[in-house]
Amino acid sequence: MSRFERGPQGGPEHTFAALPPARGRAFARTWWGRAWLAALEDAALEATAVKAGRRLARAGEVGAVTVRPGRVTAVVREPKGAAHRADVLLPELSEREWDRFVDLAGRQAGHLAALLDGDLPSHLIEDAAVRGIELLPGLGELEPECDCGAWDHCGHTAALCHQVARLLDEDPFVLLLMRGRGESTFLRELNERSTPHPDAPAEPGEPFGAEGVDAAEAWAAADILPALPALPAVPEAPGGPPSYDTGIAPPTAVDPEALRYLAGKTAQEAHRLLGRALGGSGFQNREHRALTAAEDVVRLADGAVPAAAADRLAEGSGRDRAGLATAVRAWRLGGPPALAVLDGQWQVRDAALARARAALDAAWETDERPSFRQDGTRWTVADEGVQLRLGPDGRWWPYRAEGGHWVPAGAPDRNPATALATARPTPETRSPEGS
């Protein structure tokens, strides 16, 4: 049901109840509300009238406001009890302008969806202004009428304008009504215009009937449109996935729990990437490469995986369930570099081998150095069940024998002695098995 009802003469009209006093708050928060007040200030010859109107509106002296095409009306009370009927007139848009505006509103899917949902998007007001369709009042368009006898804006009409700014903040559809169209009429025309007619040809030279924007008009309007809002801050945590409980049995190929888990992991990764992108150095903080399929499977497995998805993830990673758990353990410690150290070796020789041996020699006194057995990039202390793995970046990764397998035991370190101390099991983690 439209929020605008029919007036006594059959035209669209709506009466808004009197608003409470506005002490301690601005009269306009939106840019279109501020534009309305700017038009009042431009039209009033006396700044004292604007200030007097602001005081009356702030004190709650403006009664119910009636809005109809081309006019807004209210009774404004004086502090000592006298009451005056105040009207502010605004020219209505022509039928041609309305036709162009409806066409513009229905041309963009975002505008159309918002309007049919009962919302008037601010970008539509901007786009219309660029095309010469002014919903907001221009210079001299707010014409006052008051039974106090003033020929210019007085405190009563200025108070009415301040109250209208508050209404515009809450309901920008008031603009359409003042310019000549009630909400229900406008939405009906919009719906009729947006319904496709397969036999209707497009305008010559204009695909899909698009009117286009004149470049000179767009350039001229650049300095009057509001600045783009600042980027929102990164949320503290990613949002949760929506509920997929529709009461309808899912297709046999779809597992709702697995889908919910995948949606949650996708939100986490999007949150991480957004945080990196908006961090200290901006988009230079992005990952240098995309994850491989095998790496991404391990990322997805890092969490409370539903039982139905666990085997599928293990299969996708090329591991069994135990192997995938070890890979997840490595992932948590260092992401893709940790997986590379877990799964393979690299050729260590010449200068790299010399640096590794020098680091091992410098880490311990001669009589304290453990007895290592080297195999490529892996140095194992066999009698302790611990191992150091050298990464391509020169860091040493601590590994420990558990259950007959080598598993990562902690974060890497440049100092092999520190990494080995991390690898050595504590009484709680000590296992009799080695490798």
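Listed values, structure above:
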| quantity | calculated |
| --- | --- |
| Residue-wise HN-Hα coupling along region 314-320, computed from phi with Karplus coefficients 6.51, -1.76, 1.60 (Hz; x: Gly, Pro) | 4, 5, x, 8, x, 10, 8 |
| 3J(HN,Hα) from dihedral phi, region 89-97, Karplus parametrisation 6.51/-1.76/1.60, rounded to Hz, x for glycine, proline | 9, 9, x, 7, 6, 6, 4, 5, 5 |
| Full-extension gain in nm, Leu353 to Arg71, via 0.36 nm per residue minus C-alpha separation | 92.9 nm |
| Per DSSP, loop GluC sites (Glu not before Pro) in region 333-435 with at most 11 further Cβ within 10 Å | Glu365, Glu368, Glu428, Glu433 |
| Interchain or long-range residues, amide H under 5 Å from Arg71's placed H | Leu90 |
| Simple label model, 7 Å out from Cα along Cβ direction - Leu274 to Trp364, nm | 5.0 |
| Nonlocal amide H pairs with Trp346, under 5 Å, H built at 1.01 Å | Thr377 |
| Charge sum, other residues only, whose C-beta stays under 10 Å from Glu141's C-beta, Lys/Arg counted +1 and Asp/Glu -1 | -3 |
| Calculated from backbone phi, Karplus (6.51, -1.76, 1.60) coupling profile of region 328-344 in Hz, x at Gly/Pro | 4, 4, 5, 4, 5, 7, x, x, x, x, 5, 5, 4, 5, 5, 8, x |
| Distance between modelled label sites at His123 and Ala421, nm, 7 Å Cα→Cβ extension | 5.7 |
| Nonlocal amide H pairs with Trp364, under 5 Å, H built at 1.01 Å | none |
| Region 10-86, accessible area per residue, ligands and nucleic acids excluded (1.4 Å, Å²) | 50 |
| FRET efficiency estimate (nearest 0.05) - Cβ-Cβ, Thr292 to Leu45, R0 60 angstrom | 0.25 |
| Relative contact order (%) - criterion: Cα under 8 Å, at least six apart; region: region 272-392 | 15 |
| As computed over region 79-175, the Cα convex hull volume per residue (Å³) | 115 |
| Percent carbon-and-sulfur accessible area, region 318-397, ignoring ligands, DNA and RNA, probe 1.4 Å | 46 |
| Cβ-Cβ FRET estimate between Arg312 and Ala233, R0 fixed at 41 Å, reported to 0.05 | 0.70 |
| Computed label-point distance, nm, for sites Ala411 and Arg107 using a 7 Å Cα→Cβ extension | 5.5 |
| Per principal axis, descending, Cα span of region 24-67 in whole Å | 26, 24, 24 |
| Packing-based order for 138-144, 70-76, using average beta carbon neighbours within 10 Å, highest first | 70-76, 138-144 |
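The values are calculated or read from the model by the stated rules, or taken from the named source; none is laboratory data. Treat the numbers as computed from the prediction; the structure is a model and nothing was measured. Reconstructed Cβ throughout: ideal geometry from the backbone, glycine too, with neighbour counts over all protein chains shown. Areas reflect the complete protein model, heavy atoms only, side chains present, ligands, DNA and RNA absent. Shrake-Rupley method; radii C 1.70, N 1.55, O 1.52, S 1.80 Å.
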